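The values are calculated or read from the model by the stated rules, or taken from the named source; none is laboratory data. No experiment lies behind these values; they were computed from the predicted model shown. Don't worry about glycine lacking a Cβ; one is built from the backbone with ideal geometry, like all the others, and counts go over all protein chains shown.
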Amino acid sequence: MGLGTKNRQNQTAETCKQYLREKYKGDRVLVEEFIVETEGASKNQDPNCWQQFTDMRGKTDEMLERLDAYFNKWLNP
């Protein structure tokens, strides 16, 4: 895996986490729980897990829509 790929994975992970933290400020504890459940904790963190919300076109707005839908489904199973 090239350095560019790792950078994109980390950028995608940070974009998703920042989006959730900003949109759901009132539910900060739930957002952090979702983040840990999604990517793992401490040594087991995997920024690659956020790739499930991306597609080949790489459109950020569509990725965030999928993330938002997944988070709401996680909140209300």
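For segment 1-46, the set of residues classified as among the β-branched types (Val, Ile, Thr) and closer than 12 Å to Leu67 by Cβ consists of Thr12, Thr15, Val31, Ile35, Thr38, listed by residue number.
Selection of first residues in segment 58-77 that are in contact (Cβ under 8 Å) with a residue 24 or more places away in the chain and of second residues that are among the basic types (Lys, Arg), restricted to Cβ pairs under 9 Å at least 6 apart or on distinct chains, gives the following pairs, ordered by first then second residue: Leu64/Lys23; Asp68/Lys23; Phe71/Lys23.
From the list Leu3, Leu67, Leu30, exactly one residue is aliphatic (A, V, I, L, M), out of contact with any Cys (no Cβ under 7 Å at 6 or more places or on another chain) and at pLDDT 90 or above. Which is it?
Leu30
Summed over segment 28-57, residues that are among the polar types (S, T, N, Q), surrounded by fewer than 16 Cβ atoms within 10 Å (Cβ to Cβ) and without any contact (Cβ under 8 Å) to a residue 24 or more places away in the chain total 4.
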